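Colleague: Okay, here's the structure, questions in a sec.
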Amino acid sequence: MPPEYKVISNNHEITVSEISELYGEKGNFRVMQFSNAALQGALDLNEPDRIVFEYPRVMIHLMECNDASFENVFVIGHGIGTIASHFPEKRFKIAEVDHNVVDLSRRYFGYSMDNVMIGDGRHILEGEDSDTYDYIILDAFNSKGTPQHLISQEFFKITADKLTPQGSIIINLMGRGENDSLINAIHSTLRQVYTYTLSFILPGDRFTDVQNMIMIGRNIPIRFQARQMAGFIEMHLGTGHIILDY
């Protein structure tokens, strides 16, 4: 590939480039990045099977720890298809709003499965049968963060209907932890629908830093092993407002 490949899509720029350092680690990496500087995926060219980012490793641990025999997963937000690629024997259905993201994941990151639908993830999920999925994974961002129609009470009720009774929703978020009113609101809204919820954060140097966070909700107790959480730690959030569609 050229040193840097760019495409304009949905009014923003997607860049694929190769870099020699990623978050302080020296190496040989290929990354997909949006115009707002948000990295959407990374491939270690020296070790292609390695999962570079911490948050998909945490999601994988939560999936294996809470239901090791899972079969069906619905994902909103494709990126480079890291988690689906890790579980080629499982049935994944992926919703991605931007066909260019999918094309680039195939061309430059080796994604080979035919399981991605182009369109709005909520709309596609609404058309799925009830009690179908063991996991729903939300990993969707735009320039303003996670779209509001994917963090509302109405959306979480849709996810609960599509999950099996033992199923879980796992959400990748960016925010300032307990100091972030939107993060508190997302967690409070999730708790309106799911009996059990947990939140985890990848700590930063300052409490005001925007950090990677994971939330999980289900209707039976949640299990995890701290040593398998790739540096994420559990956090306890405050009460926020309930997010509604309108």
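Each reported figure results from applying straightforward, stated rules to the coordinates on display, with no laboratory input. For clarity, every value in this text was computed on a predicted model and none was experimentally measured. Cβ coordinates were reconstructed from backbone atoms using ideal geometry, including for glycine residues, and neighbour counts include every protein chain displayed.
Colleague: Using 7 Å Cα-to-Cβ label points, what is the His241/Ser20 separation (nm, one decimal)?
Modeller: Those two pseudo-labels are separated by 5.0 nm.
Colleague: Beyond 24 Å between alpha-carbons counts as too far, so tell me which of Lys26/Lys90; Lys90/Lys162; Lys6/Lys93 fall in that bin.
Modeller: Details: Lys26/Lys90 33 Å; Lys90/Lys162 17 Å; Lys6/Lys93 27 Å.
Cα-Cα > 24 Å for Lys26/Lys90; Lys6/Lys93; rest within.
Colleague: About its Cα centre, how strong a charge dipole does the chain have in debye, to the nearest 20, once Lys and Arg get +1 and Asp and Glu get -1 at the Cβ?
Modeller: Around 280 debye, computed over the chain.
Colleague: Check Glu13: other-chain or 5+ apart residues with amide H under 5 Å from its amide H, H built from backbone geometry?
Modeller: Ser35
Colleague: Related question: With a 10 Å Cβ neighbour count serving as the proxy for reagent exposure, in which order, fewest first, do Val210, Val101 appear?
Modeller: Details: Val210 12, Val101 25.
Lowest to highest Cβ neighbour count: Val210, Val101.
Colleague: Tell me, Tyr111, Tyr196, Tyr135, Tyr23 in order of fewest to most beta-carbon neighbours within 10 Å? It would help to have the intermediate numbers written out before the result.
Modeller: Details: Tyr111 23, Tyr196 13, Tyr135 26, Tyr23 10.
Lowest to highest Cβ neighbour count: Tyr23, Tyr196, Tyr111, Tyr135.
Colleague: Let me ask something else. Amide H neighbours of Gly41 under 5 Å, counting only residues 5+ apart in sequence or on other chains, H built in-plane at 1.01 Å?
Modeller: Those qualifying (amide H under 5 Å, at least 5 residues apart or on another chain) are Met32.
Colleague: Can you match semi-axes √(5λ) of the Cα gyration tensor in Å to one of these, [x] 39, 21, 14; [y] 32, 22, 16; [z] 27, 21, 18, based on a calculation from the structure here?
Modeller: Of the listed options [x] 39, 21, 14; [y] 32, 22, 16; [z] 27, 21, 18, [z] comes from this structure.
Colleague: Also: For Glu71, list long-range residues whose amide hydrogen, built 1.01 Å from N in the peptide plane, is under 5 Å from its own amide hydrogen.
Modeller: Long-range HN contacts for Glu71: Asp134.
Colleague: How far apart, in nanometres, would the label points at Glu126 and Asn142 be if each is projected 7 angstrom from Cα along the Cα-to-Cβ direction?
Modeller: Rounded to a tenth, the inter-label distance reads 1.6 nm.
Colleague: How many angstrom lie between the C-alpha centres of region 184-246 and region 9-62?
Modeller: Each part's Cα centre sits 23 Å from the other's.
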